[in-house]
Amino acid sequence: VRGNLIIDPSSPRPTSRPCASSPTSPISPGFYSRPVSPVSPLVRDQSAGSLGWASRSVRKDRERRAVTPGSVRAVRRSLARLEVEPLPSLAKGALRHRQPQASVAQAQESHPQSPQRHECQMDWDAAEHLGRQMLKNDAWTKRIFEEFDGAACGYLWPAEFAALSFRFEQAMGGFLGRFGFDFNDADINMEGRISLSEWQEYAKELTTAFGEIRCKVAVQRILGSRKAELRRKVKHVWLFDGYDFQPSVRLLEMCSKGHKNPSIVQDVRSALASKADPNAGLASPSFNNYTPLIFLAMTPACANGPLVATAMELLILAKADVHRECGQMFTGRLLPLRFAARAQNEYGLEALQKHVNLGDVFQWAAGENAEGIMISELRRFYGNPLAETIEALDPYSHAASAQMRLFASPMIGGSLSPAGAQRLCRGFYDDGYVHNGQRADPNSPGLEGHTALMYMVIAGNVPTIQALMACRASLEQRDSSGATPLHYAACYAQSAVVKALLDLGADPSAVDQAGYSPWMMVGEARCFHVEQGRVLLAKEKASEEDMRECLELLKPETFPGDLLERAESGIESFLDSLGTPVTAELLEKRLRLHESLFFNPRLAIKGAFEGRVVLRHFIDRWVHVIINLLQTDPLEGPAKVLAKYLLSATLGPDSQASCAHVHSKWRKDDNRSWYRDRLMEAVKHQLHIFATECNLLRREIDAAAGTARLAGDQAAVEEPEHSAEGDEGVPGLQRACLDLCQVPKDQVIIPQSWQEDPFWRTVQERQVLRYDPSWALEIHDGASCFLQLVRLGVPKDRTKKLTGKEACVVSTIAEYSTLRQVMHSQMKELFARGYITYSNLCNGPYQEKMKEVVARAQQAANLTVEMPGSVIPAKRLRRLLEKTLEAEQERRGWEWPDRPETYLRHAYSFYILDTVRMSFVCKGETLPEQVRCCMRILQEFRECSNEKDGVQLLRVKSGFASGAKGDGGYADVKMLCYADLGVHVAFDGTEIPLRIIGEIQLILEGYANVKNRMHLVYEVHRGSFDRTRSR
């Protein structure tokens, strides 16, 4: 007799019953015998509704007895397997942990049954006790998030979220249909990873289903589970009870060499038959708690990859835990799936992902750069011919590119040589997995965007760097933090590498996402340390000599003090000294004030931190220069370019940016806090000057409109049969001014025939215009999103393919994977990118069609109109994302007919209808003549129809309406016009209609003259040179 349990040694299966002295006390699990495997089905009573959820009185009694893990372990090892006593329906506190059986049955009908639970050799009582000490008074949602954030990056990846789901269900004894973890539901932004805020929002649903107390107890059990496992250390291996040491060691050894073992499947089967532990873990600092499954997962891509995958399946069938992470390493605590992704072991990824709930598999594979699985998903959804066509779009071999990155990466221990790099890039490499003719992309990014060149820079391998550059590796390639290879050379104070990269043409003025240049990163060398190809925290400071040499090589030509003296002595002479033409790129490379105003190289070597600090005394003087430039009227030419650069340069680093290569974030949130009021006061003063001029124009228009109104009233009294309006002379011009003042401030005009569609009828009723292109409505998951983007980016006639970074073209599966795994693009950003590509396809034809309409009006009424001399570029992605965020904040939760909520959640960019835009300047000798020109063009657009002209006016906005007020008194008339521009034929023959709504501005010549002078001041006032959060 032990406690309340009675063991019958003669029975083949031990029995359990409550002690007579406590007939209602529930018996919770925690003492298990040696099972066949450590993850076998849990013993549970379906009627109880949960596994071992003791009442409050029992839990308090356990706490009073203060059962220690050591004493529990001594008892539990001697006990046989026990049945779990059902929790009595009227036990004290039972309502906190259970629902009535009717509720449970109802939930089981409405939710799919959870997967079968597995037990581990665990004392849940001890785990709960240990977890309570670890959790203390912390919020359980945040603490469990940090526990499963193995890489400590602030996000949960699909594999980590799946492990969290499994552990939660295991600790709760099953969900019994009352709840089901779903990564797609938790990933609100469809970013491919879950932030803390998203998890906290999702945890509210978990709390609603089970209650705060039960969730907290489950978290305590999870936190204490590792220390409460029935696991013992035998020499250098951790083993669960019931398994033998020698077979387990043999299993670990053969799995660590799986890629070299052609008989790996037979060997694994033999070891398991000899009672090898499938969850055995090495007790080694270099391979901390690596299990056989982890060793096989981190096997590099090789010819016997299918055999390795089969061996992994055998381990999983033997109850190897796919959710068991390794111990703390320099890369974090990674799960087998994350190891397979880092090693690009696609066969292993396919084997593991069958047993892990990853949500959208295509999006997950894109985030892990697993192109093979992405192709498999496309083949499953759209058929083999389309998948093969998409695969052929990429001229490079994914297998060869991955192999080159692995040879360069320190994770596998390979070493990329100059000859090996050239053979892989030229297609002369064959190892059974990569074959001759398959060329590696020298700029192919791996996880977090690291390329082979970046790995070689960190290793300091100058010959291989030169070989990669000969194969057209890019020095401008950036990782997920925005860092270039030169950034990494500076981080590690690799002076020889810095010199080599600069000789090859690297740009020392390039900045990462935090706003740091390579020169500003040299101080990081005091935090980094490289040992045997692995990145570790430094125990000693980096060589001061190397740091000084790097600082000398990377420093700007001229420091801010010398530049200030030249600028203060005269702007014109200062600009002349810079050379011509003066462009933003030239100023960024020559002046480099965005670096030197926020970095002190002396502190980088001798100071207590990396040397990144605000040099306030210099910035104050440069602000005086900026204000003088903004008050220059007119500000144009090189002086305007200089003012723009100075406004951008003084913005400074970003305190919110999180970069993997930066240990300490920028500490100041607003780098303009002390001079912002002074700057904005000067801006408002200048806007007031421009407003005075615009108000004079407005008064002239109002006076002419008043005269026309009086003339019309008098004519209506004296001669009702005649109109006061005439085609010629002063009355007609005055009437045009009156018509301009009567144009509504903002009016949506949907044709009556269109309103038969519920969507357009809703647009008319709400007076809010949005337009969803047909291709966007086809997107419902990751695979469909990729397909629509690549259809927009790759035409059937390749000569018509869009070029340029601003077009946001996605033309290969590798480029889409880069968006997901390097840039971590949310779904709303992918929609916006597709919208920008679509807008670029429509932009040229749209502007030509609008010019045709204006030309008709010009010819019919003998107008003088200044048309754009060239095609106006489509809106840029950054600005579109900023406006998309504003639309989301204003219209979140709006419903639209025939648009599902899951689509609308990410499609706020389609409220932004000026991605294609152009302006026409209405000229005339007098202001009323300019107004007459404007109104005649507006009339021409109102008379257009989609059936006749392929153009339909849908919205009019006027700055001349009563109550309208623009910055600086500026006003114009904006028209939003729909245009049917034909079709775009994609690479697979799919025809995508080119139909878009764009913006046309009608600007009076007098206002255009003021706008050209005030435009920069207006941009400063609206915050264009401040940092905005588009995500």
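FYI, it's all coordinate maths here, none of it is from the lab. Just so it is clear, the structure is predicted and the values come from calculations on it, not from any experiment. Cβ: placed from backbone, ideal geometry, glycine included. Neighbour counts: every protein chain shown.
Key figures for this structure:
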{"read-out": "Rule-of-thumb Rg ratio for segment 593-642 [Cα; 2.2 N^0.38 Å; N residues]", "value": "1.55"}
{"read-out": "Loop-located trypsin sites (Lys or Arg not before Pro) in segment 927-977, at most 12 other Cβ atoms within 10 Å (DSSP)", "value": "LYS965"}
{"read-out": "Whole-Å distance, taken between Cα centres, linking segment 896-913 and segment 436-477", "value": "40"}
{"read-out": "Whole-Å distance, taken between Cα centres, linking segment 359-378 and segment 972-1031", "value": "35"}
{"read-out": "Residue exposure sequence - VAL522, VAL853 - by fewest surrounding Cβ within 10 Å", "value": "VAL853, VAL522"}
{"read-out": "Segment 194-255 versus segment 558-619: alpha-carbon centroid distance in Å", "value": "53"}
{"read-out": "Straight-distance crosslink candidates among aspartates and glutamates, where the alpha carbon sits under 15 Å from LYS745 and sequence neighbours closer than 8 are dropped", "value": "ASP972"}
{"read-out": "Peptides 442-450, 232-240 ordered by average Cβ neighbours within 10 Å, highest first", "value": "442-450, 232-240"}
{"read-out": "Candidate lysines - alpha carbon under 19 Å from LYS589, same-chain residues fewer than 8 apart omitted", "value": "LYS499, LYS555, LYS640, LYS644"}
{"read-out": "Phi-based couplings in Hz for segment 952-961 (Karplus 6.51, -1.76, 1.60; Gly and Pro marked x)", "value": "9, 6, 10, 7, 10, 10, 10, x, 9, 6"}
{"read-out": "Full-extension gain in nm, GLU253 to LEU386, via 0.36 nm per residue minus C-alpha separation", "value": "43.6 nm"}
{"read-out": "In segment 575-657, GluC sites (Glu not before Pro) in a DSSP loop with at most 14 other beta-carbon atoms within 10 Å", "value": "GLU636"}
{"read-out": "Chain lengthening between ALA964 and SER1024 when straightened (0.36 nm per residue, less Cα-Cα)", "value": "19.4 nm"}
{"read-out": "Ranked CYS491, CYS659, CYS977, criterion: other C-beta atoms within 10 Å, fewest first", "value": "CYS659, CYS977, CYS491"}
{"read-out": "Per-residue Cβ neighbour rank within 10 angstrom, fewest leading, HIS661, HIS435", "value": "HIS435, HIS661"}
{"read-out": "Where only C-alpha atoms are counted, convex hull volume of segment 746-1022 per residue in Å³", "value": "152"}
{"read-out": "Compactness of segment 231-359 - radius of gyration and Dmax, Cα, Å", "value": "13.3, 40"}
